[in-house]
Amino acid sequence: MAKIAPNQHIPAGLTLTDEVLVQAASRFGTPLYVYDSALMEQRWNRLRGILPCNSVVFYSVKANPNVRIIGAFRKLGASCEVASLGELTAALAAGVPASDMIFVGPGKTQRELEFAVTHNIGAIVAESGCEVRRLLALSETHGCSVRVAVRVNPGRGKGSISMGGATQFGMEAEAALGLLRESFGSTSLEIMGLHAYLGTGILTWQEVLENTQSILQMADHLQQDSGKELSFIDVGGGFGIPYFDREREPDWDGLVSPLAMIVDQYRLRHPYTKTLAFESGRFLIGPAGVFVTSVLDVKHRGHICFVILDGGINVFGGEDYYRGFRPPPVRVLCEDGRTNEPITLCGPLCTPADRLAVDTLLPLPRIGELVAFYQAGAYRFTASPGLFLSHGFPCEVLAHEGQLSLIRERMTPERFLVAQRF
């Protein structure tokens, strides 16, 4: 049965009109990503309006680590959550002070930890007792003060992807309690906070509230049991955006009052917690991005019409497990009133898995026309297996105040050879 593309999820505030996307494709080629700076600011203001006014927002760099994207959110007031040395250096290049970053992740290398320690990062989120002791050794070797937040994994969280429970992230509350009670015999390492992230891709405000309340209760109990006062609590976030047909944008306004209430209650009990932080990546940048491809071929096999695009899952990543059987928001950029018919949009790869929209009702495009995929700003480019078939990586373009700027050059097949040795 033919499917209808969920184009109701194309953001109402998007300024990337067909004319802008055609202009970007003409100037920079396809495939490419185009980002709307006006919508990025709108999403930031929307999130700030949902969250308590005395909280801090960390932009999750993993969602989209382009330096210009990071810099834009920094200008709006964001701190940064990084998960690798590459993300950390990108944030530094974007003008974010190391003191306004936290470094997360279950497998930090010695080089990464040493870099974070010597650059005086705001907090390193330790995922185990072993990592805390590695940081202690580095603090003593370099004579640096190190601020540590322990990541606690209290149980399964809410969201399309659970980050709590039986995962590789963080430690059980009992292990965290032992670390909070331990002095380590050093003044150079301070366990000053807690971090937890229970789920992502959340599409009900009640689940965000439940996760936040669970984390704050855990933080309350750990401080009571350890006798330690913590200045930093990161409750994660997980704010989702709708991609598919049966998903809906939550009425986030319903979160405002109950979230403020539980945060205020926590602060009354723990006034020494100076920083209460939330994290967001997908919510902020996802709706602002559009992926644009060109049609290379159109062919029929029996009753199926295959449209071959110059960009597929190699550059439009983010595993959704549907292989195009649940199409994302997608449009053919044509203006001649063609009627919709079922087509299957495929990329150029030598695998039947390279399908972006299967049996989806759209105008049948002609060779050379453009197809645009929406809600594409987060985890699409950087979650792409771009080395498969060595087609290269797309360029990225920022639309700002009526101007299009290239913010990442296209990585061509020729450039793949630069790092290789013959």
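The values are calculated or read from the model by the stated rules, or taken from the named source; none is laboratory data. For clarity, every value in this text was computed on a predicted model and none was experimentally measured. Note that we place each Cβ from the backbone using ideal geometry, even for glycine, and neighbour counts take in every protein chain shown.
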In region 380-422, how many are in a loop (DSSP other than H, G, I, E, B) and buried (at least 21 other Cβ atoms within 10 Å of the Cβ)?
-> 4
Of the numbered conditions (1) part of a strand (DSSP E or B); (2) crowded, with 23+ Cβ neighbours inside 10 Å; (3) among the hydrophobic types (A, V, I, L, M, F, W, C), Ala91 fails exactly one; give the number of that condition.
-> (1)
Taking region 299-319 on its own, how many of its residues are part of a strand (DSSP E or B) and more than 29 Å from Ala378 (Cα to Cα)?
-> 5
Tell me which of these His391 doesn't satisfy, since it passes every other one: (1) touching a residue at least 24 places away in the same chain (Cβ under 8 Å); (2) not assigned by TED's automatic domain parsing to the domain that holds Arg27.
-> (2)
Before we move on, is Gly254 surrounded by 21 or more Cβ atoms within 10 Å (Cβ to Cβ) and closer than 23 Å to Leu284 by Cα?
-> no
Looking only at region 264-293, and only at residues there that are part of a strand (DSSP E or B) and in contact with a helix residue (DSSP H, G or I) (Cβ under 7 Å, 6 or more places away or on another chain), the one that is nearest to Leu333 (Cα to Cα) = Val292
Failed condition for Asn54, given (1) in a loop (DSSP other than H, G, I, E, B); (2) closer than 30 Å to Glu369 by Cα; (3) of a type outside the set (Gly, Ala, Ser) | (2)
Residue selected from region 119-153 under the condition touching a Phe, Trp or Tyr at 6+ places or on another chain (Cβ under 7 Å) and not charged (D, E, K, R), by the criterion modelled with the lowest pLDDT = Asn153
Subset of region 172-200 (residues that are under 30 Å from Pro250 (Cβ atoms) and either of a type in the set (Val, Ile, Thr) or surrounded by fewer than 17 Cβ atoms within 10 Å (Cβ to Cβ) (or both)) = Thr200
